[in-house]
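Let me begin by presenting the structure, written as structure tokens, before commenting on it.
Taken together, the values in this text are just the output of simple stated rules run on the coordinates, not laboratory data. Model, not experiment: these values are computed from the prediction.
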Amino acid sequence: LTDQSWQDELNLNLMAAVRLDRALAPGMIERGSGVIIHVSSIQRRLPLHESTIAYAAAKAALSTYSKALSKE
């Protein structure tokens, strides 16, 4: 995969959620309520040969980020 393919997968499957959370979480904290739900994939743990490794890596990163965010 090219660097651009990696960047595209990370932007679409990880950074989109990070950016949206950055925009919405402060208001939730201010109101004292809210829920953030991220949709990941089984590929975060079991990459499929038909898919790209970049997609699987981005979903694994999303799952790890989600867990860390829940602890904050």
Contour minus Cα-Cα distance for residue 52 and residue 21 (0.36 nm per residue): 8.6 nm
Using alpha-carbon positions, what is the distance between the centroids of region 54-72 and region 35-49, in Å? 9
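Starting from the Cα-Cα distance between residue 30 and residue 2, subtract it from 0.36 nm times their residue separation and give me the gain in nm to one decimal.
Values: separation 28, 0.36 × 28 = 10.08 nm, distance 4.14 nm.
Contour length minus the Cα-Cα distance gives 5.9 nm.
Before rounding to the nearest 500, sum -39500 (n - 2.57) across all DSSP H runs of length at least 4 in the chain and divide by the residue total; then give [θ] at 222 nm in deg cm²/dmol. Present the calculation step by step, with values, prior to reporting the outcome.
Working: 3 runs with 43 residues, N = 72.
Helix-only estimate at 222 nm: -19500 deg cm²/dmol.
How big is the convex hull of the Cα atoms of the chain, per residue, in Å³? Present the calculation step by step, with values, prior to reporting the outcome.
Values: hull volume 5.6 nm³, N = 72.
Per residue, the Cα convex hull of the chain comes to 77 Å³.
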